[in-house]
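S.K.: Mind having a look at this structure? Questions to follow.
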């Protein structure tokens, strides 16, 4: 059977009625044995099907809407030699794409016990500053620069030497640093807010914010955190920090709040985006039966955004991330009105598909429009950066959006009018696809200095590798001084 789709995207073109299948390598979700798998369509849905010699057949839902799944795939060009980046960046087919997003887990200690934690974060160990330096030094011996570093955990802000590690990270050729946080220490510590505020030109918050209801907080976070989350977001704004809200979404739990989360984000002008992450079977939330049809998928989230925003956002506004595997992410950009009440999505005015070749390693797409599109169409680019804002202004004007003209030369105002929405379904053992691993540019930095795909690390390595070098310190309790 010849694989289709990623290698031959024309067979997955939107509107095609031809049946299709894809072959890949997956895992048995029970024993994690390497096994072949087939992606196929049944009943308007896309499934991954496999058979383990020991544990038998398994089936996992990848997309609830096969037509939308095909449409998103049109934005991912055919690969040549395993490359993905195009332009002046060449991917080595022997080593995979360069790392765009690198996670540095500076602790697995946490001030929460979230039932949905993919890392099953617990313990009392904190990475030393010297260990962080050693890992980063090793990484930058292999790669000369990095778009985005995410300081993660556990909860990174409870690290007793968080400020020192942040200062250390800022010494390296890193475009931007995200702090992956539950927000509790932001709400509690003025000293932490001051530390982050000093570096606000390069540091932003990736802030877990999933619901407005106490029962959902109990399910996702283990207790009602509404007041703490609200206070953390308020204090981030007062500190001049820009924030991406990161809702964990689950079918039947908070999928009816997706539209409310969008409107809430627009109501806070220091929030520049949303990153929806459907819950996965990993860590503390691992389930043997999570291959069931109840899984919330990327196409579900996009459809719910359309339904719950009254069409302010449409499914057709979202584009598959062209430099990645097509199942990994979808995103859109929009220009907000001055009151941040309405959004004008860029893909309604600019045909992104006509610039597909600029994302392929086959062609170096020349010209101002092509260069701007290639740099911007990413889920990691710095939305408040001067070059990003110039690129977005070029694209909006190309699409005929004249509202952007008064914002030219006013980066602060322009930055508050640009909004990005990303849907990012991470893999678990049920949906593991080796091709996604091979094309992954979101990786975690291990104790050897090696960068491993984030999904692969969670499925195959987390909890199975030696403990990181660290210092045994008591847990920093909630409310304790930083």
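S.K.: Can you tell me which of 35-45, 237-247 comes out highest on packing, and rank the rest after it, using the mean Cβ neighbours within 10 Å?
M.R.: 237-247, 35-45
S.K.: Once label points are set 7 Å from the Cα along Cα→Cβ at both residue 337 and residue 191, what is their separation, rounded to one decimal in nm?
M.R.: So the two model labels end up 4.6 nm from each other.
S.K.: Something else: In nm, to one decimal, how far is the residue 434 label point from the residue 403 one, both placed 7 Å along Cα→Cβ?
M.R.: Output for this residue pair reads 4.8 nm.
S.K.: With label points built 7 Å along Cα→Cβ from the Cα atoms of residue 267 and residue 124, find their separation and express it in nm.
M.R.: 4.2 nm
S.K.: Sort 174-180, 106-112 by packing, meaning the average of other beta carbons within 10 Å per residue, with the highest value first.
M.R.: Ranking, from highest mean packing down: 106-112, 174-180.
Any read-out appearing in this document is the output of simple, stated calculations on the displayed coordinates, not a laboratory observation. Bear in mind that the values here come from a model prediction, so they are computed numbers and not experimental data. Because the Cβ atoms are built from the backbone with ideal geometry, glycine has one as well, and the counts that use them run over all protein chains shown.
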